[in-house]
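Colleague: Before anything else, here's the structure in question.
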Amino acid sequence: MDYDIPINIAGLDLKNPVIVASGMLGLSQSIFNRLYKIGAGAIVSKSISLLPREGYRNPTIVSVGNMSYINAVGLANPGAESFSTEISKNNGPLLVSLVGSEKSDFSSIVKLFRDHKILGFELNLSCPHVEKMGMEIGDDLNLVYDIIQSIKKETTKPLFVKVGLGKSDIVEVANVAESAGADGITAINTLRAMKIDIETQCPVLENKIGGLSGSAIKPLGIRCVYELSKSLKIPIIGCGGIMTYSDVVEYMMAGASAIQIGSLIGLKGICSVGKIVRSLRSYLEAGNISDIREIIGIAHR
Ligand SMILES: Cc1cc2nc3c(=O)[nH]c(=O)nc-3n(C[C@H](O)[C@H](O)[C@H](O)COP(=O)(O)O)c2cc1C
């Protein structure tokens, strides 16, 4: 099967612009290998913290209809050391997602992956439901700047910074990230949301509040990518609510150089990655578009 829609982003040559978003799958090398085979342009790992995190108790995810979910997994992960052993033989296009609660966490994690065969890193500054991690860090602009600089000191690999809709303006956070040396921006993460069961009269999720993903957030993601691409020089990876190839095209027309898919994989399984790539190729062929870069940011004209 031919999954080639070549794209270069932040100096990385990807087979195609369809990337698996952080958090959607387990953290095993075998699942990554399957995804490389079925056409993923790249994969972002679940966010990895310095020490293992158990995460929240079940229920951690609930469907809210219209191909949308609210989750509060609590950044459960085995910790940096264990994950670095798991992927020590990785040979595919993997980005390791980083999460932490203080500056020193990030440089310590990056050191553990420095010599691995990975593409680079994605810094999660936008998880909306874990205290002192993710969004709370992303809202502190001085800390954002310092964290990015401390990561860049430890690695020459590209660093993408994942931003979301927190208290600070997303364009302002992304500009700070760019000035601190980020190589690209991923937008957006999930948005704070909640579901209450009217029978039990209780919030459905154990953590009560979680992050909304899926179709419901696509128009917000498109708006953010559009505004970010007006203001930034570094490339943008669009994320949020992508269910079909036409959503990919919309994000790229808004200014994204690549995209990530998350909830769709939960909904339709990992084969949906290859299906999106194939439909995207058919769309480009039908429109005589020989280079996908022709559509990037076209909506700004
Ligand atoms: C169950 C679940 C777990 C997630 N875990 C992470 C995570 O660990 N790190 C992160 O940066 N984003 C995480 N996300 C957010 C996704 O990477 C993505 O930004 C978001 O779901 C929007 O994309 P989508 O609408 O295609 O799902 C998670 C999302 C879901 C649904």
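The values are calculated or read from the model by the stated rules, or taken from the named source; none is laboratory data. Bear in mind the structure is a predicted one, so any value in this text is a computation, not a measurement. Using ideal geometry, Cβ is built from the backbone for each residue, glycine included, and neighbour counts are taken over all protein chains shown. Each accessible area value is taken on the protein alone, full model and side chains, heavy atoms only, with ligands, DNA and RNA left out. Shrake-Rupley method; radii C 1.70, N 1.55, O 1.52, S 1.80 Å.
Colleague: With viscosity set to 1.306 mPa s at 10 °C, what whole-number translational diffusion coefficient in µm²/s follows for the chain from Stokes-Einstein and a Kirkwood radius over Cα pairs?
Modeller: It diffuses with D of about 84 µm²/s by this estimate.
Colleague: In whole Hz, what ³J(HN,Hα) sequence does the range 191-198 give by Karplus (6.51, -1.76, 1.60; θ = phi - 60°), x for Gly and Pro?
Modeller: For the range 191-198, the Karplus curve yields 10, 3, 7, 8, 10, 10, 7, 6 Hz.
Colleague: Computing the accessible area with a 1.4 Å probe over protein heavy atoms, can you report the carbon and sulfur percentage for the range 7-300?
Modeller: 50
Colleague: Whole angstrom only: what separates the Cα centroid of the range 120-151 from the Cα centroid of the range 251-301?
Modeller: 28
Colleague: Relative contact order, percent, of the chain when contacts are C-alpha pairs under 8 Å separated by at least 6 residues? Spell out each step's value before the answer.
Modeller: Working: 703 pairs, mean separation 57.3, N = 301.
The normalised contact order for the chain reaches 19 percent.
Colleague: Okay, next question. Tell me, what is the per residue accessible area of the chain in Å², probe radius 1.4 Å? Write out the running numbers ahead of the final one.
Modeller: Numbers: 12980 Å² over 301 residues.
With the other protein chains kept in place, the chain gives 43 Å² per residue.
Colleague: Further question: Quick check: from the Cα gyration tensor, does the range 149-301 come out rounded (a/c under 1.5), prolate or oblate?
Modeller: Judged from the Cα gyration tensor, the range 149-301 comes out oblate (a/c at least 1.5, b/c at or above a/b).
Colleague: Which net charge results for the neighbourhood of Ser97, defined as the other residues with beta-carbon distances under 15 angstrom from its beta-carbon, given Lys and Arg at +1 and Asp and Glu at -1? Working shown, then result.
Modeller: Values: positive: Lys46, Arg53, Lys157, Lys162; negative: Glu86, Asp105, Glu122, Asp183.
Net of charged neighbours comes to 0.
Colleague: Can you work out the Karplus-derived ³J(HN,Hα) for every residue in the range 276-283? Use 6.51 cos²θ - 1.76 cosθ + 1.60 with θ = phi - 60°, whole Hz, and x for glycine or proline.
Modeller: 4, 4, 5, 5, 5, 4, 5, 4
Colleague: Quick one: which of Lys103/Lys162; Lys117/Lys233; Lys233/Lys275; Lys103/Lys153; Lys89/Lys275; Lys132/Lys162 span more than 21 angstrom between C-alpha atoms? List each step's numbers first, then the result.
Modeller: Numbers: Lys103/Lys162 16 Å; Lys117/Lys233 27 Å; Lys233/Lys275 31 Å; Lys103/Lys153 12 Å; Lys89/Lys275 27 Å; Lys132/Lys162 16 Å.
Pairs exceeding 21 Å: Lys117/Lys233; Lys233/Lys275; Lys89/Lys275.
Colleague: So who's got an amide H within less than 5 Å of the one on Ile9, skipping anything under 5 residues away but keeping other chains? H placed 1.01 Å off N, in plane.
Modeller: The answer is Leu14.
Colleague: Between Lys103 and Lys230, what length in nm is gained on full extension when 0.36 nm per residue of separation is reduced by their alpha carbon distance?
Modeller: Roughly 42.8 nm would be gained on extension.
Colleague: Under 14 Å from the Cβ of Phe32, count the other residues' Cβ atoms, weight Lys and Arg +1, Asp and Glu -1, and hand me the total.
Modeller: Value of the local net charge: +4.
Colleague: Report the residues of the range 72-110 in range of a label on Asn33: point 7 Å along Cα→C-beta, backbone N strictly under 19 Å from it.
Modeller: 83-95
Colleague: When Lys and Arg each count +1 and Asp and Glu each count -1, what net charge do the other residues less than 14 Å away from Met252, Cβ to Cβ, add up to? Don't skip to the end; give the middle numbers.
Modeller: On the way: positive: Lys218, Arg281, Arg293, Arg301; negative: Asp247, Glu250, Asp291, Glu294.
Spelling it out: positives minus negatives among the neighbours equals 0.
Colleague: Next up: Among the aspartates and glutamates, which fall within straight-line cross-link reach of Lys37, defined as a Cα-Cα distance under 19 Å, with same-chain neighbours fewer than 8 residues apart omitted?
Modeller: Answer for Lys37, where 19 Å is the Cα cut-off: Asp2, Asp4, Asp13, Glu86, listed by chain and number.
Colleague: Also, I was wondering about something else. Tell me, what ³J(HN,Hα) does each residue in the range 74-79 have, in order and in whole Hz, if you take phi through Karplus 6.51 cos²θ - 1.76 cosθ + 1.60 with θ = phi - 60° and put x for Gly and Pro?
Modeller: Computed from phi, the couplings for the range 74-79 are x, 6, 4, 6, x, x Hz.
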